[in-house]
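Step one of this worksheet: look at the structure below.
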Amino acid sequence: MTDWTRGLNPEQARAVNHSHGPLLILAGAGSGKTTVLVSRTGRMIDDGIVKADGICVLTFTNKAARELKHRVSVKVGAKAKGLWAGTFHSFGLQMLRKYHEAAGLPAQFGVIDMSDSQSVVRELLKNLTVAGKDKFDLEKVLNLVQEFRARGRFANPDGDEYHAVAEALAPQYQKKLKALGVVDFEELLLKPVALLKENAEIREKIQRQYPYLMVDEFQDTNAVQMKLLEYMMGPERNMAVVGDDDQSIYGWRGAEVSNILDYPKRYSPCEVIRLERNYRSTSKILDLANHVIGQNDKRHGKVLKPESSRGVGGEPELFVFSNEEEEAEYVLREIKQAHELGRPYKEMAVLYRSNSQSGILEGLMRQEQIPFAVSGGTALFDRKEVKDVLAYLRLSLSANDLAFRRILNVPSRGIGDTSIEKIVEYMNTHKMGFIKASRLWKEIGIQDKAGEAIDQLHVFLSTLAGRLLNDPSLMPGAKLVEIMKEIGYRDLVWNTSKDPVAGEKRWLGVEILARILDRFVERGGRDQKTLLEFVDAMELRDDQEDDQKKSEVSLMTLHASKGLEFPIVFLIGIEEDLLPHRTLGSDISEERRLFYVGITRAQEKLYLSRCRTRKRYGQAKPVSPSRFILGLPKGLMVTFEEGVRPVSGEARDSLMANFMASLNAKSGARPK
């Protein structure tokens, strides 16, 4: 048997050895929470407390779930088979697949993403008698519709036209999804919650199936996820949650920090274990982090204590610049110097509150040919080309009205807007689905050429899955690429791109998707079940890609940096109106937690910067230092008011020698 507590500190060992009842593991930044989760899961299986298939681990990323399952399997072996670990949405999808009849869904229901949800809202808005409805922000309307569906009310009802429209659309939106035979991401949680609440038999089955629950990143849970957990929890209340209230930074998307703050009271008696030993950062970085987060009132008290072999380290440095151009040039200089001293680019990250802050730096880095990656760009599965191909795959397995409408004339088949409008009108009049109505094109009065193209598309879709799976000479992904070329889709991509380079980049998305499909088939088998699981996983953004990255400097928002760590971190724009943000930062405690998250990403060296002026709407405006750094005790940071670090005599001589050598090299002169 494995000694699951070997190498762990006393607090970690306590958490690993806990077996029954509610448990809250308060895991500070860099405190080894993943190791604790893995060890506790493996220990319970190994000790026979519960079989692997009786444990359900809920996470917020598929990567975290895969890592946990892999690490437990490596140590436990065959006994780990059946352990369920995945995201809340993956669990909801699995549950709805199993109990689709009770949920009022067809067996092969589809899952739509945000852009498809916005398309539904856009269509429903057309039928509302509201002035200026064409100017409504669809994303805002959809967010309010989802809030109303989740709560049955608005958290902050302003009584404005957006709230009125969202309340009117919510039941229509629900009805439309049902008619289409699809669910959106919200319903992957809402429907399972409704099932568990209303159906005692299903609730008891789930509780018997998973007598032990574990939840990672518990501070990020929202109200619906909390309800799901409450209904899944059996009478023994064997639920262990791991999280850090000091890293709760997603309130803007519904996360409720009260879930973790109130957990011990809600499930009393509850054991609370604090993991405060930090294995990531130097002592000086942690001193700053502890003082910053200590200014927040509502929190579980804890102090990060250094356990890293990195030692005390130097104080974080704060540089003050005249403007954002100077700030970007400074960051670039430091990155180049660190790289020249042997630091790989991947060990450096630049963090900021708003995406707009990276523009100047991106330009300079391109100019200097420094490799970098920006988080928050268009993700693979948000690209039109990938969504189009996934729509074809979905339709090769089952009817899906939204997917069918998406690709009906993509690439062009001569089926114009007039034909589509006639199908929609007939569909609404006769209360049937779009796909069913399209088959009745003669009765609808669509011209023969367009109607025959519709028939050919139906035939093509009915044979697509078989063609992908039954060609012995090609893997399904390679076959998919061949077929998409065959139907003219690659030509469409190229012809609608501004230049050949852009066309190639867009088409590459299709080829990447195909490679992911082949990997999926190699693991799951060459059959329609695997194909369906692939489409489900892709629609849930489970990209299955390798986690290997090139050596690039990471440019990312503070939100995107959570869960990551880098030896060298630059935290730029530490100013009022940026951090806390002037429009997005109404919750000052959460903005302070965001700053704390940024600080605790740094392992060895932390650079902070702010400007005296920053451009807004093209004009340089004076800005003030962030309230988060005002009033901090002296000694936590070294501040350079002129944006320059004084150079020692020896370092100055070295810099001058290097400068002269560079000049000589350029002029072709020999050094004397």
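The values are calculated or read from the model by the stated rules, or taken from the named source; none is laboratory data. In this text the structure is predicted, and so the values were computed from the model without any measurement. Cβ: placed from backbone, ideal geometry, glycine included. Neighbour counts: every protein chain shown. The area values use the complete protein model at the heavy-atom level, side chains included, leaving out ligands, DNA and RNA. Shrake-Rupley method; radii C 1.70, N 1.55, O 1.52, S 1.80 Å.
Quick query: amide H of Lys615 versus all other amide H atoms, modeled in the peptide plane; which residues come in under 5 Å with a sequence gap of 5 or more or a different chain?
Distant-sequence amide H within range of Lys615: Glu324, Lys621.
Looking at this model, which pairs from Lys81/Lys387; Lys33/Lys140; Lys387/Lys479; Lys178/Lys479; Lys140/Lys178; Lys69/Lys284 are more than 29 angstrom apart at the alpha-carbon?
With Cα atoms farther than 29 Å apart: Lys81/Lys387; Lys33/Lys140; Lys178/Lys479; Lys69/Lys284.
Give a residue-ordered list of calculated ³J(HN,Hα) values for the range 406-414 (Karplus: 6.51 cos²θ - 1.76 cosθ + 1.60, θ = phi - 60°; whole Hz; x for Gly, Pro).
Once θ is set to phi - 60°, the couplings for the range 406-414 become 4, 10, 3, 10, 10, x, 4, 10, x Hz.
Please sort by residue number the GluC sites (Glu not before Pro) in the range 62-136 whose DSSP state is loop and whose Cβ has at most 16 other Cβ atoms within 10 Å.
Sites meeting the loop and neighbour criteria: Glu101.
Please work out whether the range 19-125 counts as rounded, prolate or oblate from its C-alpha gyration tensor, where a ≥ b ≥ c are the square roots of the eigenvalues and a/c under 1.5 means rounded, while otherwise a/b larger than b/c means prolate and anything else oblate?
Cα axes put the range 19-125 in the prolate bin.
If you project the alpha carbons of the range 276-430 onto the principal axes, what extent comes out on each, in Å, largest first?
Sorted from largest, the Cα extents of the range 276-430 read 73, 45, 31 Å.
With only alpha-carbon atoms in the gyration tensor, what are the semi-axes of the equivalent ellipsoid for the chain, in Å, largest first?
45, 34, 27
Once every Cα of the range 280-348 carries one equal point scatterer and solvent is ignored, give the base-10 log of I(q)/I(0) from the Debye formula at q = 0.13, 0.16 Å⁻¹, two decimals.
These q points yield log10 I(q)/I(0) values of -0.58, -0.81.
Calculate how steeply helix 62-76 sits against the longest principal axis of the alpha-carbon atoms of the chain, using the helix alpha-carbon long axis, and give the answer as 0 to 90 degrees to the nearest 10.
Roughly 80 degrees between the two axes.
Within the range 149-229, report the trypsin sites (Lys or Arg not before Pro) that DSSP leaves as loop and that have at most 14 other Cβ atoms within 10 Å.
Arg153
Which GluC sites (Glu not before Pro) from the range 465-572 combine a DSSP loop assignment with at most 13 other Cβ atoms within 10 Å?
Within the range 465-572, the qualifying GluC sites (Glu not before Pro) (loop, at most 13 other Cβ atoms within 10 Å) are Glu545.
Provide Rg over Rh for the range 405-473; use the alpha carbon set for both Rg and the Kirkwood Rh (inverse mean inverse pair distance).
Result for the range 405-473 is an Rg/Rh of 1.05.
Net charge around Thr282, counting only other residues with Cβ within less than 10 Å of its Cβ (Lys, Arg = +1; Asp, Glu = -1)?
Charge balance near Thr282 sits at +1.
Give me the net charge of Gly416's neighbourhood, meaning all other residues with Cβ under 15 Å from the Cβ of Gly416; Lys, Arg count +1, Asp, Glu -1.
Counting the neighbours of Gly416, the net charge comes to -1.
Please give, to one decimal in nm, the separation of the simple spin-label points placed at Phe640 and Thr35, each 7 Å out from Cα toward the Cβ.
Label-label distance for Phe640 and Thr35, simple model: 3.5 nm.
Once you order the gyration tensor axes a ≥ b ≥ c over the Cα atoms, which shape class does the range 179-218 get: rounded for a/c under 1.5, otherwise prolate or oblate by comparing a/b with b/c?
It is oblate, given that a/c is not under 1.5 and a/b is not larger than b/c.
Would you please give the residues with an amide H less than 5 Å from that of Met475, counting only those at least 5 places away or on a separate chain, with H modeled from the backbone geometry?
none
Tell me the angle of helix 324-340 to the major Cα principal axis of the chain, expressed in degrees between 0 and 90 and rounded to the nearest ten.
That works out to roughly 80 degrees.
Got a sec to turn the phi values of the range 437-445 into Karplus ³J(HN,Hα) couplings, 6.51 cos²θ - 1.76 cosθ + 1.60 with θ = phi - 60°, whole Hz, x for Gly and Pro?
Values per residue, Gly and Pro as x: 5, 4, 6, 9, 4, 5, 5, 6, x Hz.
Which cross-chain or sequence-distant (5 or more) residues have an amide H under 5 Å from the amide H of Leu275, H modelled 1.01 Å from N in plane?
It is Leu26, Ala27, Gly28, by chain and number.
Might you tell me the accessible area per residue for the chain, computed with a 1.4 Å probe and given in Å²?
Per-residue value: 48 Å².
Using the Karplus equation 6.51 cos²θ - 1.76 cosθ + 1.60 (θ = phi - 60°), what ³J(HN,Hα) coupling, rounded to whole Hz, does each residue of the range 575-587 give in order, writing x for Gly and Pro?
9, 4, 5, 10, 8, x, 6, 5, 10, 9, x, 5, 8
Angle, helix 417-429 long axis vs. longest principal axis of the chain, Cα atoms, 0 to 90°, nearest 10?
Orientation of helix 417-429: about 70 degrees from the principal axis.
In a shell of Cβ-Cβ distance under 11 Å around Ser589, excluding Ser589 itself, what net charge do Lys and Arg (+1) and Asp and Glu (-1) give?
Cβ neighbours under 11 Å give a net charge of -2.
Quick one: Cα centre-to-centre distance for the range 192-219 and the range 29-108, in angstrom?
Each part reduced to its Cα centre gives a spacing of 13 Å.
Tally the DSSP beta bridges in the chain and give the antiparallel ones as a percent, rounded to 5.
10
Please work out whether the range 136-295 counts as rounded, prolate or oblate from its C-alpha gyration tensor, where a ≥ b ≥ c are the square roots of the eigenvalues and a/c under 1.5 means rounded, while otherwise a/b larger than b/c means prolate and anything else oblate?
Since a/c reaches 1.5 but b/c is at least a/b, the shape of the range 136-295 is classed as oblate.
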